[in-house]
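Bear in mind that the values in this text are calculations on the coordinates, not laboratory data. Note that the coordinates shown come from a computational prediction; the quantities given were computed from them, not determined experimentally. Glycine gets a Cβ as well: all are built from the backbone with ideal geometry, and neighbour counts include every protein chain shown.
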Amino acid sequence: MGQPNIRGNLVSGPLQNVSVLYYPKDYVGDQVFPLINSQSPEAKIGKFLKGAWSRDDAGIRAPGTRAKRGGYDITSVSIDAKEYARAMEVTQEDRRLAALANSLPMQPEAEAIEFCTHKILLKKEVRIASLVTGSTWDTTNEDCNGNWAAAATTNTFIVDVFGAIESIYSNTGVRPNRLLASFNTWIQLLQVSGVIDRIKYIMKGIIDQNTIAQIFGLDQIIIAGMVKNSAKETKAGTEFTISRIWETNSGKGGAFLYYAPSSPGLRTPSAGYQTRVAYDNGIYREVRTYYEAAEKQDVYEVSENVDITQIASDLGHYFYDTIAD
């Protein structure tokens, strides 16, 4: 006697509670440099020149004479914030079709806002990474020749970082307190025998950001893993070429040792600042919607008005090609 082939007569349809999205979320840009909230897109940050403040020129004042006098020099760094924006349309047809039972589980409005927000965050991440990797820091940018790799014949990670700490301190009197490492550099550092030997008797020998920070007396280690797609867009939409934005040469690693305060303030040193300009409603990232009648569509736009500025080149030390020569 025959049996009905129930499986064979199933009508294929989309699952309504599952979808797949390749969405990198490892943004660290807002952690790198302190945030200054400003009302003006153009401004200046006062910068006291370090020479006068470190000069040993106090003297003995003899009775009946005046004390030795002198002052200091001040300059400024210009801020020039630009508005970056990204928009996406959602048509009435898209909204209506997305609501059908046999549609893929789309949420056009929410996804448009999320998509545009991601674009704004990625643009800022790229800008901050470009400033870190493309600017001149300390006395020079240092080529590590791949010697931070775990398998390097002579690993120089610890020696290099201590050397950079001493260099920044001797040039400024300020001790760097943060280290940013590209993700592939970080993976190698977790396997470096010299690092393992230094921490094996503390915290059960577990290597993490805190234990490596303790080696150098740093406040924070930032792992920067964001990538971007550098392939030219095609009709198929399947093109994808990884570009590691926190490295001079993609795939070869990079790291940045520098000083940054926990928050901006008067007479406070910092390697860089991020300045954001407020919108009319007092927020610093705006989401707005407007309707285009002719196209029967809503437009969702996300924007941010921000500047990323190098303040003191002598408060940062950039290492490139850390894990590959």
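Out of 52, 105, 65, whose Cα points farthest toward the positive end of the dipole of segment 52-125 (charges: +1 Lys, Arg; -1 Asp, Glu; placed on Cβ)?
Farthest towards the positive pole: 65.
Considering only the chain, what is the antiparallel percent among its DSSP beta bridges, to the nearest 5?
80 percent
FRET efficiency for residue 190 and residue 96, Cβ-Cβ distance as r, R0 = 45 Å, nearest 0.05?
Once rounded, the FRET efficiency stands at 0.35.
Do any trypsin sites (Lys or Arg not before Pro) in segment 154-240 lie in a loop, going by DSSP, with at most 13 other beta-carbon atoms within 10 Å of their beta carbon, and if so which?
Listed in order of number, the matching sites are 200, 232, 235.
Strictly over 21 Å apart at the Cα level, which of 232/296; 119/228; 44/119; 119/232; 82/296 would you flag in this model?
232/296; 44/119; 82/296
7 Å from Cα along Cα→Cβ at both residue 239 and residue 106: what's the point-to-point distance in nm?
According to this spin-label approximation, the distance is 2.3 nm.
Using just the helices of the chain, give the 222 nm mean residue ellipticity in deg cm²/dmol: DSSP H runs with n ≥ 4 each add -39,500 (n - 2.57), and the total is spread over all residues, rounded to 500.
Dividing the helical sum by the residues of the chain leaves -7000 deg cm²/dmol.
For residue 73 and residue 283 in the same chain, what is the full-extension length gain: residue separation times 0.36 nm, less their Cα-Cα distance, in nm?
Separation in residues times 0.36 nm, less the Cα-Cα distance, equals 72.0 nm.
Each label point is 7 Å from the Cα along the Cα-to-Cβ direction; what then is the distance between the points at residue 208 and residue 87, in nm?
Label-label distance for residue 208 and residue 87, simple model: 4.5 nm.
Rounded to the nearest 0.05, what FRET efficiency do residue 126 and residue 291 give with R0 = 25 Å and r taken as the Cβ-Cβ distance? Could you check?
0.20
Of the residues 305, 147, 102, which exhibits the maximal mean-square fluctuation in a Gaussian network model of the chain defined by a 10 Å Cα contact cut-off?
102
So what's the net charge close to residue 75: Lys and Arg +1, Asp and Glu -1, counting the other residues with Cβ under 12 Å from its Cβ?
Spelling it out: positives minus negatives among the neighbours equals +2.
Out of 229, 37, 184, any idea which swings most in a Gaussian network model of the chain, alpha carbons joined below 10 Å?
Checking each option, the largest mean-square fluctuation is seen for 229.
Assuming R0 = 22 Å, what is the FRET efficiency of residue 49 and residue 219, from their Cβ-Cβ distance, to the nearest 0.05?
0.25
Relative contact order, percent, of segment 70-200 when contacts are C-alpha pairs under 8 Å separated by at least 6 residues?
Rounded, it is 17 percent for segment 70-200.
Using only the Cα atoms of the chain, build the gyration tensor, take square roots of its eigenvalues as a ≥ b ≥ c, and label the shape rounded, prolate or oblate: rounded if a/c is under 1.5, else prolate if a/b is larger than b/c, else oblate.
It comes out oblate by the Cα gyration axes.
Dipole size in debye (nearest 20) for the chain around its Cα centre, Lys and Arg Cβ +1, Asp and Glu Cβ -1?
That gives a dipole near 840 debye.
Which Cα, out of 260, 289, 273, lies furthest along the positive dipole direction of the chain (beta carbon charges, K/R +1, D/E -1)?
260
Connecting C-alpha atoms closer than 10 Å in a GNM of the chain, tell me which of 271, 85, 181 has the biggest fluctuation.
Top of the fluctuation ranking is 85.
Sort segment 214-283 into rounded, prolate or oblate with this rule: let a ≥ b ≥ c be the square roots of the eigenvalues of the Cα gyration tensor; rounded if a/c is under 1.5, and if a/c is not under 1.5, prolate when a/b is larger than b/c, oblate otherwise.
Because a/c hits 1.5 or more and a/b fails to exceed b/c, segment 214-283 counts as oblate.
Going by how many other beta carbons lie within 10 Å of each one, how would you line up 267, 244, fewest first?
Listing 267, 244 from fewest to most nearby Cβ atoms yields 267, 244.
Pairs of Cα atoms under 8 Å, at least six residues apart: use those to get the relative contact order of the chain, whole percent.
29 percent
Taking the Cα centre as origin and putting +1 on Lys and Arg beta-carbons and -1 on Asp and Glu beta-carbons, what dipole magnitude results for segment 107-147, to the nearest 20 debye?
160 debye
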